[in-house]
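Take a look at the structure set out below.
All of the numbers you see were taken from the coordinates with simple rules; none came from a lab. In this text the structure is predicted, and so the values were computed from the model without any measurement. Every residue, glycine as well, gets a Cβ built from its backbone with ideal geometry; the counts of neighbours run over all protein chains shown.
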Ligand code: NAI
Ligand code: MG
């Protein structure tokens, strides 16, 4: 996918600063990208609570139109009301633009942590599974919510597409193995179908990429005991959500975990973390997860050179001992950004 839709030497891209710590992070990211000479021409748009405050709609039409036009977006986190209120805008965007693959690479950037040399890429199915969230309550007597029901679904076509994406990614990036993670012993239909397609696709890649499979709970334990056995993991939506936070924990936490939502017509880049309301507005959020997400975005548009300069700058900044609080340091968003600007070559 290198349809970069270049116009006037720049690549139009939608920028959604988002909620909570989003705007602080977006400011840092835009500064760093400008210093790098990144080719993006930003079209700033609102979504989430910021959009509700502005026009009463968490996903305004101009935002959707912008992404439809650019096919490329960098998105800050969006706050989702828990247990009621509007449907997650993140999920809506993934469905609207059919962003079927959620790519979440995790690599140790700071030596001396609990785990060294982690390098795991999680590929999460992004449209189906229990995230379909077809839910309802059933009343018994006077209790209108006596029973809660949720239906998940996986289609054979989507299972196949996501597993193929993972194997293809493995080939393109010189990865040796893909692990298919499921719960086919209990959810025999829902995740059995995923495993079935996984095995079929693996046959087509025989000799190029190895395949094995793990049941999700055992995988969670092994990720803590021996994470180095994993290379590329491909899994269903909800398991991918949970395991990607676990894997982020192996490399220093959510402040270090980037992500990409990839479709055939559009791609939206975002950190794994949320809007962190507990630290919003304090100037202490770690911008690295969102910066690393822009690294994925630069690769996506074919600017591997700029992505590598960004990574080198981040490595140099961390090597100089500059850390935000989530990494045990004292730097704020501003100090870390300044240090990175200083270390960019
Ligand atoms: P969260 O990721 O916002 O925060 C979890 C913990 O990690 C908090 O203690 C927070 O301070 C810390 N943290 C997260 N990002 C950080 C950063 N960059 N630097 C330093 N510390 C960081 O998850 P939480 O609290 O469960 O969700 C808050 C809101 O974000 C909810 O409304 C949720 O729905 C939304 N959310 C949005 C996502 C998105 O837009 N893609 C993803 C995850 C959650
Ligand atoms: Mg999550």
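Listed from fewest to most Cβ neighbours within 10 Å, the set 300, 182 follows the order 300, 182.
Length, then width, then depth: along the principal axes, the Cα atoms of the stretch 288-342 run 35, 17, 15 Å.
Its alpha carbons considered, the chain gives a radius of gyration followed by a Dmax of 20.1, 69 Å. Distance between the C-alpha centers of the stretch 304-341 and the stretch 213-285? Whole Å please. Between the Cα centres of the stretch 304-341 and the stretch 213-285 lies a distance of 20 Å.
Percent of Cα pairs in the stretch 220-342 per distance bin of 5 Å, from zero to the largest separation: 2, 10, 17, 22, 20, 17, 10, 3, 0. Within the chain, antiparallel bridges make up roughly 45 percent of the DSSP beta bridges whose residues both belong there. Both radii come from the Cα set of the stretch 124-274: Rg as radius of gyration, Rh as Kirkwood radius; their ratio Rg/Rh reads 1.02. Computed packing ranks the peptides 56-69, 93-106 as 93-106, 56-69, most packed first, by mean other Cβ atoms within 10 Å. Largest mean-square fluctuation among 220, 316, 53, in a Gaussian network model of the chain whose springs join Cα atoms under 10 Å apart, belongs to 53. When the Gaussian network model of the chain links Cα atoms closer than 10 Å, the mean-square fluctuations of 154, 174, 117 top out at 174. Here 115, 269 are placed in order of increasing Cβ neighbour count within 10 Å, fewest first, which gives 115, 269.
Adding -39500 (n - 2.57) for every DSSP H run of four residues or longer, then dividing by how many residues the chain holds, sets the calculated 222 nm ellipticity at -12000 deg cm²/dmol.
The order of 110, 268, going from fewest to most other C-beta atoms within 10 Å of their C-beta, is 110, 268.
Working from Cα pairs under 8 Å separated by at least six residues, relative contact order for the stretch 33-189 is 12 percent.
For the stretch 26-155, a Kirkwood radius taken over Cα pairs fed into Stokes-Einstein (25 °C, viscosity 0.890 mPa s) yields D = 134 µm²/s.
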